[in-house]
Amino acid sequence: MNQAKAQEVLDLVKNEGIEYVDLRFSDPFGQWQHLTIPAYELSMDTFENGRGFDGSSIRGWQSINESDMLAFPDPETCFIDPFMENTIVMICDIYDPITRERYGRDTRYIAQKAEQYLKQTGIGDVAYFGPEAEFFIFDSVEFGNTGNSSFWRIDSEEGWWNREFTSSGYKIPNKRGYFPTPPLDKTHDLRTEMVTIMSKYMGITVELHHHEVATAGQAEIDIRYNSLVKQADNLFKYKYTVRQVAAKYGKFATFMPKVLPNDNGSGMHTHFSIWKGDQNLFAGSDYAGISEICKYAIGGILKHGPALAAITNPTINSYHRLVPGFEAPVRLAYSARNRSASIRIPMYSQSPKAKRIEIRFPDPTSNPYLAFAAILMAAIDGIENKLNPGEPFDKDIYSLPPEELQNIPQLPGSLEESLKALEEDYEFLLKGGVFTEEFIQMWIESKKEEINKMRFTPHPLEFELYFDI
């Protein structure tokens, strides 16, 4: 714990008249949790000894007979919450109150261990991540599952179908949402407010924002690259801001990968590089200006891609996005510029400092602590074992004939397939104690429960297909 930073937080509370302190952490599956204490309850002792809470009520955590946990606020993550009155927020590390050791299912701890392991290998000092998390902003959302019904319905003023907004003349056609100006782009001002709040209050550097390909308010806000744990922290703040600003205007933001059946889904293309000192280890003189180390990192990610997908694409809905025809990759290949490949090497700049790879299959339902840590571990495995990714693939994969496609490995077609891949390939995640076998088994079992819930429930489309047979 940084005592000087802790004192800065205590001074901030006193000088700014802060009344409440919000303590936040993530459950294993990427949902932010919080508890709020009055500011007079915050002291140096809180930073040194933590704040107790019931861990048995958090999904995927403790059993009821081992429920007590401790949340230690990280003073370096402190920010003033613009959506709550006189409240500061700090992200917490979770400890076991008996052993006084870090809790193994705290995913922020897993991310911290991944950063430490990179240094231990001697390969590099820091891994940088730049996620592009896409999302939708809807005007109305309805869904429900009961004993005798199951349905969903969304609407958007932009949407070409316009159930509620039939008088609107400006509608974005299917797959025509990339970069149109207002009045077609009806969420510009909302995105601008999101960016202002991220920049002013959250300590996030935003590079740009724009409308995405799909109709119905699909959006993207790109944030500046950062180190693994800091960027994962940022992504939680990013998603919180997006949802809060949307709610402020009576709208609904979602990061679900596939919402509209016949339009593009929301991905989280993740830019990634490893540095040692002031040297970008991914820059070199090989194909597309990458280094041999970078090629090996690509080899590791491609080799472990099916298992990685269980963590980077962790929902049943994730695999509705990973289908041909909607700009989502389905084949494990790499290329410069080619957006149909799973890994792309951006060519915007020739500067060695800008050299990176873009991993295109992750989506924003992933827990960023786990997704970034797993990507790094796959890359390290590739570098240590000199895994050659083979030749780059510069053709449009979507338009290839079957005889050429059969030579390109494929991403899993379902969550069930990706979990099977993870069951067969997780040793690379265990190196350095970053992930534990116990955590991976919990993850697999929890995700299989989700699959069973879906398996036991008829889909509304089944009635259309089969009711009158």
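Overview of values
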read-out: Extreme residue, positive dipole direction of the chain, given options GLY390, GLN31, THR196 (C-beta unit charges); value: GLY390
read-out: Relative contact order (%) - segment 266-327, alpha-carbon pairs under 8 angstrom, separation at least six; value: 16 percent
read-out: Calculated over segment 213-302: convex hull of Cα atoms, volume per residue (Å³); value: 142 Å³
read-out: Candidate residues LYS113, LYS251, LYS448: accessible-area rank, largest first, probe 1.4 Å; value: LYS448, LYS251, LYS113
read-out: Of the trypsin sites (Lys or Arg not before Pro) in segment 14-75, those whose Cβ has at most 12 other Cβ within 10 Å and which sit in DSSP loop; value: ARG59
read-out: Long-range HN-HN contacts of ASP68 with modeled amide H, under 5 Å; value: GLY55
read-out: Candidate lysines - alpha carbon under 18 Å from LYS237, same-chain residues fewer than 8 apart omitted; value: LYS200, LYS248
read-out: Size descriptor, Kirkwood hydrodynamic radius, that averages inverse alpha-carbon separations across the chain, Å; value: 23.5 Å
read-out: Relative contact order (%) - criterion: Cα under 8 Å, at least six apart; region: segment 109-236; value: 31 percent
read-out: Within the accessible area of the chain (1.4 Å probe), percent carbon and sulfur; value: 50 percent
read-out: Charge dipole (segment 330-469, unit charges on Cβ, about Cα centre) - positive-most of MET377, LEU411, SER349; value: SER349
read-out: Solvent accessible area, Å² - CYS78, 1.4 Å probe, full protein context; value: 40 Å²
read-out: Kirkwood Rh and Cα Rg combined as Rg over Rh, evaluated for segment 1-94; value: 0.98
read-out: Student exercise, the chain dipole from Lys, Arg, Asp, Glu Cβ charges, in Debye to nearest 20; value: 940 debye
read-out: Directionally averaged projected area (convex hull, Cα atoms, segment 273-353), nm²; value: 6.1 nm²
read-out: Computed accessible area, ASP68, all protein chains, 1.4 angstrom probe, square angstrom; value: 100 Å²
read-out: Stokes-Einstein D in µm²/s, Kirkwood radius over Cα pairs - segment 50-110 at 37 °C with 0.692 mPa s viscosity; value: 261 µm²/s
read-out: Value in Å of the Kirkwood radius, where segment 386-459 supplies the Cα pairs that are averaged; value: 15.6 Å
read-out: Relative contact order (%) - criterion: Cα under 8 Å, at least six apart; region: the chain; value: 14 percent
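The values are calculated or read from the model by the stated rules, or taken from the named source; none is laboratory data. In this text the structure is predicted, and so the values were computed from the model without any measurement. Here Cβ is always computed from backbone atoms with ideal geometry, including for glycine, and neighbour counts include all displayed protein chains. Quick note on the areas: whole protein, heavy atoms, side chains included, nothing else; ligands and nucleic acids left out. Shrake-Rupley method; radii C 1.70, N 1.55, O 1.52, S 1.80 Å.
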